[in-house]
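Notes for the one structure printed next.
What follows is calculated from the coordinates using simple rules that are stated; it is not laboratory data. All of these numbers come straight from a predicted model, not from anything done at the bench. With ideal geometry, Cβ positions are generated from the backbone for all residues, glycine too; neighbour counts draw on all protein chains shown.
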Amino acid sequence: MNADVLIPHIVKTDHTLNSVHLKRTVEFDVFLPYNLLGNEELNLLLLNDGQDSVELKVQETLSDLYSRGIVGAILVVAIKASEERLDEYGIIGRPDFINRGAKAAAYSNFVAKELFPMLAKIVSFPIKGSRAFAGFSLGGLSAFDIVWNNEALFNIVGVMSGSFWWRKKDLKFGYTDSDRIMHEVIRESPIKPNIKFWLMTGTEDEKADRNKNGIIDSIDDTIDIIKELISKGYQRPKDIRYYEMVGGEHNVATWSKALPAFLKWAFPAKHA
């Protein structure tokens, strides 16, 4: 483990975990305020695609918001993806039409059964605040699915430019919107987890427009997720926050600009 204090308010440490479920070594970075006394309400945020944390400006953003008293204390865990990202990210038990996401259940088990116990050893302070999982693109789909299935561990999910197009049938083989897997999971799920949703898209996420309605698929698919959630009984804005970034693209630079908005919504500072 190497400590690296680049910014005075937030300490970053590097860690590894030999995962039984994933059968590989998982690397992750931990970001934590340096001056915790132990009586603060500590929040938790897991991030998929933690290998992009520098470009996402995670440490810089956390330091700025925390030092100005805009957010509460947050333990951020940036989990780095491997070359098996397309297999480990996805929807539990429901691979897409070319079997991507086949290891999604193993990844979920890693998070719940291996990462959480290790965090309790790394951080001596109890996590009494909100617990969130967030991600970008396919990492956002993964975070959404894991939170949906782990209400006991999480109460917030954040998704930026989520891969909600994830489907069980190829476009050229009779695809319809009913083939989108996450939408189906929500619709058919017997549960309604007690969680809150922060969903973001960019108006320049892509050019594709399957149904030729003048709205790019990224936005259509996310709006339809919101419709499914509302049909399930969730309410806007109480349970669902949607952020559409004008000019936002499908890249890390855009997501780094959206990250502060998510952090302020998910972990607002509580002033006496």
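The table below gives the values:
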| read-out | value |
| --- | --- |
| Lysines whose Cα lies under 18 Å from that of K257, excluding same-chain neighbours fewer than 8 positions away | K57 |
| Computed helical MRE - 222 nm, the chain, DSSP H runs ≥ 4 contributing -39500 (n - 2.57), nearest 500 | -8000 deg cm²/dmol |
| ³J(HN,Hα) computed for each position of region 88-103 - Karplus, 6.51 cos²θ - 1.76 cosθ + 1.60, integer Hz, glycine/proline x | 7, 8, x, 10, 4, x, 9, x, 7, 5, 10, 6, 6, x, 5, 9 |
| GluC sites (Glu not before Pro) restricted to DSSP loop in region 77-161 with at most 10 other C-beta within 10 Å | E83 |
| Residue-wise HN-Hα coupling along region 52-57, computed from phi with Karplus coefficients 6.51, -1.76, 1.60 (Hz; x: Gly, Pro) | 9, 5, 5, 5, 6, 6 |
| Using θ = phi - 60° and Karplus 6.51 cos²θ - 1.76 cosθ + 1.60, couplings along region 196-203 (whole Hz; Gly, Pro as x) | 10, 10, 10, 10, 10, 9, x, 5 |
| Alpha carbon Rg of region 3-266, scaled by the compact-globule rule 2.2 N^0.38 Å | 0.98 |
| 5 angstrom amide H check on L45, placed H, neighbours 5+ away | L75, V76, V77, A132 |
| Separation of alpha-carbon centers, region 4-67 and region 239-267, rounded to whole Å | 19 |
| Extension gain from E83 to N39, taking 0.36 nm per residue of separation minus the Cα-Cα distance | 11.9 nm |
| Ratio of Rg to Rh over region 108-231 (Cα coordinates, Kirkwood Rh, two decimals) | 1.03 |
| Charge dipole (debye, nearest 20) of region 1-95; +1 at Cβ of Lys and Arg, -1 at Cβ of Asp and Glu | 160 |
| Relative contact order (%) - the chain, alpha-carbon pairs under 8 angstrom, separation at least six | 17 |
| Low-density loop cleavage sites - trypsin sites (Lys or Arg not before Pro) in region 119-218, where at most 15 other Cβ are within 10 Å (DSSP) | K128, K168, K169, K207, R210, K212 |
| Distance histogram in 10 Å bins (all Cα pairs of region 158-221, percent per bin) | 19, 46, 29, 6 |
| Linear extension gain, I240 paired with H15, 0.36 nm per residue minus alpha-carbon span | 77.7 nm |
| Residues with amide H under 5 Å from that of G162, placed H, sequence gap 5 or more | S137, M200 |
| Lysines with Cα under 17 Å of K238, excluding same-chain neighbours fewer than 8 positions away | K192, K196, K227, K264 |
